[in-house]
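> I'd like to ask some things about the structure below.
Nothing in this text is a laboratory measurement; each read-out follows from the coordinates by a stated rule. Keep in mind the model is a prediction, meaning the values are calculated, not measured. We place every Cβ from the backbone using ideal geometry, glycine too, and count neighbours over all the protein chains shown.
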Amino acid sequence: MNTHQTVIRSATVIDGTGAERRVADVAIDNGRISEVGRITARGHREVQADGLLLAPGFVDIHTHYDGQAAWDKHLAPSSWHGVTTAVMGNCGVGFAPVLPKNQQRLIELMEGVEDIPGTALHEGLPWTWESFPQFLDFLETLPRDIDLGTQVPHAAMRVHAMGERAVAREPASADEIAFMAQIAGEAIRAGALGFSSSRHINHKSIRGEPVPTLRAETEELLAIARAVGREGGVLQFVSDQLHKEEELDLLERLGRESGAPVSVSVAQFDGRPDMWKDTLARCEEASRRGVTMRGQVAARAVGLLLGLDLTLNPFLYSPAYKAIKDLPLPERVARMRDPLVRRAIIDGNQVDKKGLLGSRMIDTFDVMFQLGDPPNYEPHPSSSAAACAQREGRSPLEVVYDWLLERDGHAQIYTPSLNWSGKNLDVVREMLLNPFAVPGLSDGGAHVGSICDVSFPTTLLQWWGRDRPHGRIPLETLIERQCRATARAVGLNDRGVIVPGAKADLNLIDFDNLRLRAPEVMRDLPAGGRRLMQRAEGYRHTFVSGTEIMCNGEATGALPGKLVRGAQVLATAAAR
């Protein structure tokens, strides 16, 4: 009898196309799915999957593993959450192209915009490249657990072409524009999936300087977009000007004149709580006019984590806390439990709104909640620090002080900001169901001391697919969104579905027991750098190109992941 390399038996298959689930066998040969249905032939390896959910591997199109990919074989924690393909180089920041004299500038940008420690980047980046194709060649030499695609970042291109004039945000000359367009086209031909740029005022270097691309002129963006479109790449933007028609006009024009699909980060802001609707409406209108525009949306609210072992906490600027902040955590906790120290820290507390990125949120007590373990990402407003303080007749500072000391100082406070204007996640549900939006914005690899949203794919399945008391979303829809829709958004048409010929990237999940754990601090970055990591329970087996990389939450040691060079097509029957 003919044999397959691997056969997964009697799984509940949700295939990523949006079709209803069914019980089926899936065969894997030569890294691809070879058969789906009732399979009589045996496999060299047989995986019994009765009662388990089989889904395609998740495709995360918005990560910042630009540093980690240079030193780490495991793109964790993404690989802990069923992600089998990650795309980095988002928001216009990255490390190629680069001249030696500009390396420090690019580190400062990444440290400021994405909160990745400069010490870790200095220690971990070998800088064996200058051009973007050389950077891709370097990435291709490194073994890793999951597939990795990347985009060419605008800030790096601009600094490469203009030097300090880029940092000063001066207009580019005609020659500089032509040079940047040349770089972009060369990058896509070499295998970049697309081009990314930031037009957001909150994106600043560690020096506090706005990103060089903040208000890049139309002529520059058009020239780059046309070069990207000619080579088959995509365009990705983050902007703080989406409330202006001229900004949306610009994004649509870039897509129309280049022929490249455009995606833009979309979230709800308190100041303009309905702006996201206008942005997605424009994506729909543009698509009807023949321009592919999508919004990248989050799986839950986007906010900060506060804690004594994290970048931010409500007492950062209290003189009494500053006096002990550098003590090891156990010593600091012991001191903070002293009633005299407690009173001095609370009474002397102040907030520097112009301090660290996110410090404006460390006194927003009406949106501060205990995160807990398992974490609660849709807390009831009545459980906020402000509400608890009012009930208990105490100040909010006293409440959060006690919260921070729980779990011997390892407790975390969650402060949702974006997507939280209604004090619940109803708006997120609308975004996720919008056909002109795709899940994104996990920022895997970034914000290592204040945000841990890399678990978005698990939130989609656990919260939206099972645990939310109301307004749940069918798993078939969620998996189609996180697999096929995300893959197609960046031109990776060979994955995200369970059909013959597709890449054998698969997740076998004990759905009833799928659980997120609370984020935890690990000190495993280069130079002993700290980062937030988050595990999940319930992922039984994760396969990349047919090779198992995770088993029951633990890495197998297999490293089948590849650098994805350019758009991919589904294998034909003749090619299998």
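> Considering only DSSP states other than H, G, I, E and B, which trypsin sites (Lys or Arg not before Pro) in the range 147-232 qualify as loop sites with at most 16 other Cβ atoms within 10 Å?
Passing sites in the range 147-232 are ARG169, ARG207, ARG215.
> Would you list the membrane-span-like helices of the chain, meaning whole DSSP H runs whose alpha-carbon atoms span at least 15 Å along their axis and whose mean Kyte-Doolittle value is at least 0.5?
Taking the DSSP H segments of the chain (at least 15 Å long, mean hydropathy at least 0.5), we get 174-190.
> Let me ask you something else. Once the Cβ-Cβ distance between HIS470 and LYS277 is put in as r, and R0 is 22 Å, what FRET efficiency do you end up with, to the nearest 0.05?
Calculated transfer efficiency: 0.55.
> Would you list which lysines come within 19 Å of LYS423, measuring only between C-alpha atoms, while excluding same-chain residues fewer than 8 positions from it?
LYS423 reaches LYS277.
> Whole Å is fine, so just give me how far the alpha carbon centre of the range 400-418 lies from that of the range 361-380.
Distance between centres, Cα-based: 8 Å.
> Below 8 Å, C-alpha to C-alpha, sequence gap of six or more: please give me the relative contact order for the chain in percent.
Relative contact order, the chain: 21 percent.
> If you average the sequence gap of Cα pairs under 8 Å that are 6 or more apart and divide by the length of the range 172-245, what percent do you get for the contact order?
So the answer I get is 44 percent.
> Right, another one. Please work out the FRET efficiency for the pair ASP347 and GLU123, using the Cβ-Cβ distance as r and a Förster radius of 35 Å; give the result to the nearest 0.05.
That pair, ASP347 with GLU123, gives E of 0.30.
> Follow-up. Please give the length that would be gained between ILE201 and GLU554 if that part of the chain were fully extended, namely 0.36 nm times their separation in residues minus their C-alpha to C-alpha distance (nm, one decimal).
Net length gain for the segment: 123.1 nm.
> Okay, moving on. Charges at C-beta only: +1 for Lys and Arg, -1 for Asp and Glu. How large is the resulting dipole of the range 1-73 about its Cα centre, in Debye rounded to 20?
Charge dipole, the range 1-73, about its Cα centre: 280 debye, nearest 20.
> Right, another one. Points 7 angstrom from Cα along the Cβ direction at ARG429 and ARG515: gap in nanometres?
2.6 nm
> Which listed residue (LEU570, ILE107, MET293) has the Cα farthest towards the positive end of the charge dipole for the chain, taking +1 on Lys and Arg C-beta and -1 on Asp and Glu C-beta about the Cα centre?
Working it through, the farthest residue towards the positive pole turns out to be LEU570.
> Right, here's the next one. Excluding same-chain residues fewer than 8 positions from LYS204, which aspartates and glutamates have a Cα within less than 17 Å of its Cα?
The qualifying aspartates and glutamates are GLU108, GLU111, GLU114, ASP115, GLU164, GLU170, ASP240, ASP443.
> I want the antiparallel fraction of DSSP beta bridges within the chain, as a percent rounded to 5.
Here the share of antiparallel DSSP bridges comes out near 55 percent.
> Run the reach check for LYS503 against aspartates and glutamates, Cα to Cα strictly under 13 Å, same-chain hits fewer than 8 apart removed. What comes back?
Partners within reach: ASP15, ASP29, GLU35, ASP147, ASP494.
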